[in-house]
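A short write-up of the structure that comes next.
The values are calculated or read from the model by the stated rules, or taken from the named source; none is laboratory data. As the structure is a computational prediction, the values presented were derived from the model and not from experiment. Counting neighbours? That spans all protein chains shown, and the Cβs are built from the backbone with ideal geometry, glycine included. Surface areas here come from the heavy atoms of the whole protein model, side chains and all, with no ligands, DNA or RNA. Shrake-Rupley method; radii C 1.70, N 1.55, O 1.52, S 1.80 Å.
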Amino acid sequence: MDGEGGSFRLAKSAAVKLSEMGERTKQLGSAMRDPHQQKRIILVIVCVALLLDNMLYMVIVPIIPDYLADLESEQSEHVHLVLHPNTSSANSTNQDNINKDNLDIQIGVLFASKAILQLLVNPLSGTFIDRVGYDIPLLIGLTVMFVSTCIFAFAENYATLFVARSLQGLGSAFADTSGFAMIADKYTEEAERSRALGISLAFISFGSLVAPPFGGILYEFAGKRVPFIVLASVCLVDGVLLLTVIKPFSNRTRENMPVGTPMYRLMIDPYIAVVAGALTMANIPLAFLEPTIANWMETTMHSTQWEMGLTWLPAFFPHVLGVYITVKLAAKNPHLQWFYGALGMVIIGASSCTVPACKTFGQLIAPLCGICFGIALVDTALLPTLAFLVDVRHVSVYGSVYAIADISYSIAYAMGPIVAGQIVHNLGFVQLNLGMGLVNVLYAPALLLLRNVCQMKPSYSERDNLLDEAPQGLYDTIKMEEVRAKKKGYSSAGNCLSVDENGFDSFRAQQSSGPEYT
């Protein structure tokens with residue numbers, strides 16, 4: 001009897017647990033069907049993808065130079081013993097110097113290959129995203145990043161590492177662009193959009209700054225493969241979550257997607273061009289200092305290895321603070337987005353000029369924090385501005401415009417590992433920082449061009465009257481064009497309303513002369 005009673009209690013307990021799991025599954029399913037909850041889950045998926053991309057970009061900083069140096073020394077010793085068994089020590093020293101120069105070039109090319117391929121692929125990925133939507137390109141990006149991370153984990157020569165790094169650039173071109181575009185599409189209100197993009201920028205900053213110590217510690221105690229296997233596992237989980245929540249292959253909305261503005265037309269838009277230029281200029285100091293500041297610290301202030309490894313870690317906190325402040329200010333004064341970006345560029349310029357004057361590690365922290373704080377102001381103010389410019393001047397499809405933003409970042413980070421070292425070698429570290437600071441300060445007044453554009457606000461009353469349901473980003477454009485087509489008596493397929501130089505379309509002009517919407 002006791003045995004039967006124990007079995008009954010065990011079966012009852014299992015039934016209760018299964019019932020609880022069923023309830024949780026139902027709650028998760030209902031949460032996924034709720035538009036507001038779905039937006040939050042999508043934001044989490046995109047933020048994790050951006051975090052992974054930037055951790056993969058920076059995690060190799062403490063790993064690859066040491067790993068390649070070990071490979072190089074093993075190969076050179078083997079070749080030296082076979083070909084020159086009786087060579088003098090002086091010749092061996094000269095050979096070591098040559099090998100060190102070659103190794104520096106290899107590391108620079110390896111670091112830059114990701115940004116170079118990303119720069120080349122972005123024009124294609126932006127157009128592809130505009131055609132098929134945001135979910136499938138994001139899944140493609142995560143898949144390629146997963147494959148490249150696995151290759152990194154098991155690579156044992158330079159050629160394989162180069163292929164893995166280049167593949168990461170291919171994945172980033174899809175994941176980063178579609179991620180930003182998806183946020184801009186789902187979060188249609190300006191304040192909400194700025195907050196969501198600000199959160200994603202905080203994840204980017206966290207990934208970039210925490211990756212070097214994360215990779216260095218795991219590489220030291222667990223070997224080369226472990227950090228990459230951990231990141232590959234997180235990437236796999238994020239991809240599964242994307243398939244579960246968004247279900248990209250069952251989404252038929254893209255069949256009725258409006259035709260986005262071609263990328264070349266967006267590039268020649270003067271307002272978008274000014275924003276893209278500002279994003280490049282603001283990120284040049286960070287991209288150029290990352291490969292050069294460690295050697296300068298070692299020769300100038302005789303810094304230890306742990307100081308060089310933790311150089312950028314304190315800058316994470318002012319970067320997050322800059323994102324938070326800009327989001328709050330943009331919510332209160334959205335027409336001053338251009339000013340926040342210009343102020344950020346001035347802070348970047350002043351901080352860059354101050355770096356060479358530092359004599360100790362403690363002094364160096366202040367200008368580096370200033371650079372990251374200024375970058376946070378620029379990025380948080382101008383990334384939402386790109387989506388806003390597309391809304392008021394073009395068609396509300398965001399793949400190409402955020403591909404342009406990704407191109408702006410890639411230009412800075414493609415040049416950094418290759419160009420910065422040459423400038424330091426030929427002109428000096430001081431001249432490099434003064435030039436970067438001067439460029440940022442001189443470019444800041446160009447953002448005055450955005451002063452009037454940022455005061456233009458889309459007519460929310462028009463949108464709410466035209467739509468039968470709550471706005472859903474890209475679906476706004478589809479439904480609005482369908483209603484406009486019915487009112488105008490023509491099909492919306494392949495027809496976009498013209499936009500004048502001030503950013504207002506003819507439909508709004510006609511509505512203003514007719515009965516006023518409330």
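Table for the structure above
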| quantity | calculated |
| --- | --- |
| Extension gain (nm, one decimal) between residue 324 and residue 438, 0.36 nm per residue minus Cα-Cα | 38.4 nm |
| Share of pairwise Cα separations in the range 197-313, more than 23 Å, in percent | 60 percent |
| When each of 39/328; 39/114; 328/359; 114/224; 186/247 is checked by Cα-Cα distance, pairs over 26 Å | 39/114; 328/359 |
| Lys, Arg +1 and Asp, Glu -1 on Cβ, resulting dipole of the range 287-392 about Cα centre, debye, nearest 20 | 300 debye |
| Within the accessible area of the range 228-367 (1.4 Å probe), percent carbon and sulfur | 67 percent |
| Rounded FRET efficiency, nearest 0.05, which uses the C-beta distance separating residue 191 from residue 350 and R0 of 30 Å | 0.55 |
| Accessible surface, per residue, of the range 90-227 when the full set of protein chains is kept, probe 1.4 Å, Å² | 38 Å² |
| Evaluated at q = 0.18, 0.21, 0.22, 0.23 Å⁻¹: base-10 log I(q)/I(0), Debye formula over Cα of the range 112-153 | -0.60, -0.77, -0.82, -0.87 |
| Rounded FRET efficiency, nearest 0.05, which uses the C-beta distance separating residue 273 from residue 335 and R0 of 22 Å | 0.60 |
